[in-house]
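What follows is calculated from the coordinates using simple rules that are stated; it is not laboratory data. Source: prediction; values computed, not measured. Cβ coordinates were reconstructed from backbone atoms using ideal geometry, including for glycine residues, and neighbour counts include every protein chain displayed.
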Number of protein chains: 2
Amino acid sequence: MAQEKRRAMPTREELRIWRNYIETADALRTLLEGRMQTESSLSSADYRVLLELSEADKRTLRSSELAELIGWQRSRLSHHLGRMEKRGLVHRSPCPDDVHGINVQLTDLGAESFRHGSVPHLRDVHELFVAALSPEQLAGVDDFTATLRRHLELEP
Amino acid sequence: MAQEKRRAMPTREELRIWRNYIETADALRTLLEGRMQTESSLSSADYRVLLELSEADKRTLRSSELAELIGWQRSRLSHHLGRMEKRGLVHRSPCPDDVHGINVQLTDLGAESFRHGSVPHLRDVHELFVAALSPEQLAGVDDFTATLRRHLELEP
DNA sequence: TCATTGGGATTGACGTGTCAATCCTGTAAC
DNA sequence: GTTACAGGATTGACACGTCAATCCCAATGA
């Protein structure tokens, strides 16, 4: 009886909460993605890339740093940059300092797209998430996500 | 000043909470999917389908009902059933009652796969989610997801 | 009898992500 | 000098989801 909770099953109630939690988060993500798509023709993947680049020095990052920053596999980034480059959002060029290594630079169009996209996106986040919750609820979210992140050993 | 909150932007702090929230949910989903894949060679999409079918009368559902139940587009379901049928998890046959309409039936292999997959999956949910949180935190999650669902007008 | 429409399902093209294999180019080992 | 290897990035094959187009078949209506 000492460790009856080891590898236990969730109760019906816990399972219900879990399903609601994960479905809601999913629905929210989907909703926001859809809005961003129609508002500015950007996917959330595009947004992540543009965000990091626009905050970077000279709007430029080494490909590997970028992958690190947003936590993607190299190959995913490579595929995605290829597509973004085709759309003119981004430009790749060999990196002078490092023999291997590629510099990824935001183009003017990319910077413009990001500016145009970010304002409505942030408003959407406010409208669909922040505005729904009381300050106490928001604090609760912060608390339990922190707990969860610690539990999963995610980097902060 | 009366409606200064209309279409407002999130504060830095609110944005941080939002990002943590959505990233954590994502990471959790990914983690669980990965485990299910290695434990039982099922994706979460497979799992959804198998779950509904195994609870259905005679392990069978009309394709359209199934789509309704799990909230998928018809075409997504069609594609996915095609793949699952190839793997022998599921069987499709024209529906005798309804002229149009296709019956989707769980095969023995499908039922077996689901049984084998569900136990470790539920344990994973417990380990990675339920066990991390205090009863108060869990109640908090329940509360704020309910609030969010109402706000987003998601069906319960 | 033949065109029309309508529900139910499938198909094809396309964008995306993953995994494993490959490529490229300096650097170290022999 | 040639071989090996190592870091950095790309590629290809495949699974998945979405959108729009199509197919199939019956029940109308002319």
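Brief remarks follow.
- Checking B:13, B:55 one by one, the residue that is within 23 Å of residue B:110 (Cα to Cα) and out of contact with any strand residue (DSSP E or B) (no Cβ under 6 Å at 6 or more places or on another chain) is B:55 and no other.
- Any chance residue A:62 is within 12 Å of DNA strand D (Cβ to nearest atom), of a type in the set (D, E, K, R) and more than 9 Å from chain B (Cβ to nearest Cβ): yes
- Candidate set from region A:35-47 (those that are farther than 17 Å from residue A:80 by Cα and buried (at least 18 other Cβ atoms within 10 Å of the Cβ)); member that is farthest from the other protein chains (Cβ to nearest Cβ): A:40
- Residues of region A:35-47 classified as assigned to a helix (DSSP H, G or I) and of a type in the set (Gly, Ala, Ser), total: 3
- Any helices (runs of 4 or more DSSP H) falling wholly within region A:48-156 and containing at least 2 residues that are free of Cβ contacts under 8 Å to residues at least 12 places away in the same chain, surrounded by 14 or more Cβ atoms within 10 Å (Cβ to Cβ) and more than 16 Å from DNA strand C (Cβ to nearest atom): A:108-128, A:135-152
- Candidate set: region B:12-34, residues that are within 7 Å of chain A (Cβ to nearest Cβ) and polar (S, T, N, Q); chosen: the one farthest from residue A:23 (Cα to Cα): B:20
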